[in-house]
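Participant: Submitted below is the structure of interest, expressed as structure tokens.
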Ligand code: GLV
Ligand code: MN
Ligand code: MN
């Protein structure tokens, strides 16, 4: 393997992370809120695009607002080695989730351009619309459409809770572009991301060599009951969707204990209507997030969850409408790219560990169309999707240098 003496400029990377983190900053915290296709997302996009322009990169925007910047001056027949991630955040996001992957990609490209090193094929960095799926489910929407996993027309019609559609919001912020969908197939794809969990920190390991991503299942339940007086209605005569939602929440938690292994379950969103102290609710809308690295066990979890919903709703006399918001099978990354990540970590003298990803990532979509893997860096206290999300500068630097080495290595490989 080629020995690289190049290093990314950590101060420049930190400055950009900070500047982007100030867009949509949540007052009194170091977090930010840039939900997909909001004004804040537009401002973040404009900022990152201005950095891409300063570097003289060829920039394309496709019909879903995915933006890819490629090193100029190469034979157009040469597919780029691509990196990237997302710059949208959850409503209570940090500065690193997604942003690191995009800005470290930009940093790698700037480092190589500045060094004058000649490459056999170009590097590219992209950001993909609505990775979080927090506004427009499913998650990884932009990369899913980029790789041809969902027709563009279908994605454009997805609406948020207030009825705004992806298509209208893209037009509003000026990010509905013309680059073709599905997008260009990269030579290979690698994404740097914070771990967002506690494993690397717990084991004092610098680099996570990501072997794959666990399966994800999001189900929205609308539970419809009878609103009535909290004081006058005897318990036996109630049809209370709030009670059913609570029962389902505790059921899925118990289910994770029974199934064990890597099964996780979360109810992070429950909305009661009318949500008043002395009114039995008429409606509860909840979203259940189930994940597992093993798709068979995930399917078992889904079957048992659905069975329980039907049973508890029936006993309470509550109606149920079900909508699948996301369903992605577990993804195994390419063993050749995984090996390269591991070798590059070792080449920098960094400790590393092979591990699965608990979170969803754009790389899992790219794995459908080209050799792909990921690099993780530590998350302090394992905290993410939280304004206190933090990664030490040394770890950011280590991760970005491994990204640099992996991209340079991928340029030389034929797959
Ligand atoms: C995306 O960040 C997810 O894993 O929910
Ligand atoms: Mn992310
Ligand atoms: Mn996230």
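Readers should treat all values here as calculations from the given coordinates under stated rules, not as data from a laboratory. Treat the numbers as computed from the prediction; the structure is a model and nothing was measured. Glycine gets a Cβ as well: all are built from the backbone with ideal geometry, and neighbour counts include every protein chain shown.
Participant: Would you order 6, 100, 152 from fewest to most other beta-carbon atoms within 10 Å of each residue's own beta-carbon?
Facilitator: Going from least to most buried by this count: 6, 152, 100.
Participant: Sticking with this structure for a sec: For the range 67-132, state the semi-axes of the equivalent ellipsoid (square roots of 5 times the eigenvalues of the alpha-carbon gyration tensor), sorted largest first and rounded to whole angstrom.
Facilitator: Sorted largest first and rounded, they come to 26, 13, 6 Å.
Participant: Distance from the Cα centre of the range 263-311 to that of the range 74-138, in angstrom?
Facilitator: Between the Cα centres of the range 263-311 and the range 74-138 lies a distance of 34 Å.
Participant: When the helix-only estimate is applied to the chain (DSSP H runs of n ≥ 4, each -39,500 (n - 2.57), divided by the residue count), what is the mean residue ellipticity at 222 nm, nearest 500 deg cm²/dmol?
Facilitator: It lands at -11000 deg cm²/dmol.
Participant: Out of every Cα-Cα pair in the range 56-200, what percent are more than 26 Å apart?
Facilitator: Looking at the range 56-200, the distances longer than 26 Å represent 27 percent of pairs.
Participant: Quick one: order 353, 378 by neighbouring beta-carbon count within 10 Å, fewest to most.
Facilitator: 353, 378
Participant: Over the chain, with a Gaussian network built from C-alpha contacts below 10 Å, which listed residue (127, 218, 51) shows the highest mean-square fluctuation?
Facilitator: Maximum fluctuation in the GNM of the chain, among the listed residues, is at 51.
Participant: Another question, if that's okay. Would you work out the relative contact order for the range 62-114, in percent, from Cα pairs under 8 angstrom that are 6 or more residues apart?
Facilitator: Relative contact order here is 29 percent.
Participant: Distance from the Cα centre of the range 12-72 to that of the range 173-239, in angstrom?
Facilitator: 21
Participant: Looking at the P(r) of the range 1-70, how many percent of alpha-carbon pairs lie beyond 15 Å?
Facilitator: Roughly 65 percent, rounded to a whole number.
Participant: Right, next: Once you've got the GNM for the chain with C-alpha springs shorter than 10 Å, pick whichever of 372, 29, 61 has the biggest mean-square fluctuation.
Facilitator: Sorting by GNM fluctuation, first place goes to 29.
Participant: In whole angstrom, and with the biggest value first, how far do the Cα coordinates of the range 101-168 range along each principal axis?
Facilitator: Extents along the principal axes: 49, 21, 18 Å.
Participant: Quick check: convex hull over the Cα atoms of the range 308-415, volume per residue in Å³, rounded to an integer?
Facilitator: 159
Participant: Considering only 36, 265, 246, give the residue with the highest GNM mean-square fluctuation for the chain, with springs between Cα atoms whenever their separation is below 10 Å.
Facilitator: 246
Participant: Can you tell me the equivalent ellipsoid semi-axes for the range 241-369? Use √(5λ) from the Cα gyration tensor, largest first, whole Å.
Facilitator: 39, 15, 13
Participant: In the chain, what % of DSSP beta bridges are antiparallel (nearest 5)?
Facilitator: Within the chain, antiparallel bridges account for around 70 percent of the total.
Participant: How tilted is helix 295-316 with respect to the longest principal axis of the chain? Cα atoms for both, answer in degrees (0 to 90, nearest 10).
Facilitator: Taking Cα atoms only, the helix is inclined about 20 degrees.
Participant: How far is helix 10-21 tilted off the main Cα axis of the chain, in degrees rounded to 10, range 0 to 90?
Facilitator: The helix 10-21 is inclined about 30 degrees to the chain.
Participant: Remind me, relative contact order of the range 97-182 in percent, using alpha carbon pairs under 8 angstrom and six or more residues apart?
Facilitator: Across the range 97-182, relative contact order equals 18 percent.
Participant: OK, next. Please list the radius of gyration and Dmax for the range 39-100, considering alpha-carbon atoms only, with Å as the unit.
Facilitator: My reading of the Cα-based Rg and Dmax gives 13.2, 43 Å.
Participant: When the expected Rg is taken as 2.2 N^0.38 Å, what fraction or multiple of it is the alpha-carbon Rg of the range 146-298?
Facilitator: 1.44
Participant: So, one more: How high is the relative contact order of the range 253-373, in percent, with contacts defined as C-alpha pairs under 8 Å that are six or more residues apart?
Facilitator: 18
Participant: Related question: What do you get for Rg/Rh of the range 147-230 when both radii come from the Cα atoms and Rh is the Kirkwood radius?
Facilitator: Taking Rh as the inverse mean 1/r over Cα pairs, Rg/Rh reads 1.12.
Participant: Would you kindly calculate the translational diffusion coefficient of the range 270-314, applying Stokes-Einstein with the Kirkwood radius from alpha carbon pairs, for 25 °C and a viscosity of 0.890 mPa s, and quote it in µm² s⁻¹ without decimals?
Facilitator: 194
Participant: So, one more: Suppose we keep just the alpha-carbon trace of the range 191-276; what are its Rg and Dmax in angstrom?
Facilitator: In Å, with Rg to one decimal and Dmax whole: 19.7, 60.
Participant: Over the Cα atoms of the chain, how large are the radius of gyration and the largest Cα-Cα distance (Dmax), in Å?
Facilitator: When restricted to Cα atoms, the chain yields Rg and Dmax of 22.4, 79 Å.
Participant: I've got another one for you. How would you rank 410, 396, going from fewest to most other Cβ atoms within 10 Å of each one's own Cβ?
Facilitator: Fewest to most other Cβ atoms nearby, the residues stand as 396, 410.
Participant: Please give the helix 393-412 orientation as an angle from the longest Cα principal axis of the chain, in degrees from 0 to 90, rounded to the nearest 10.
Facilitator: 60
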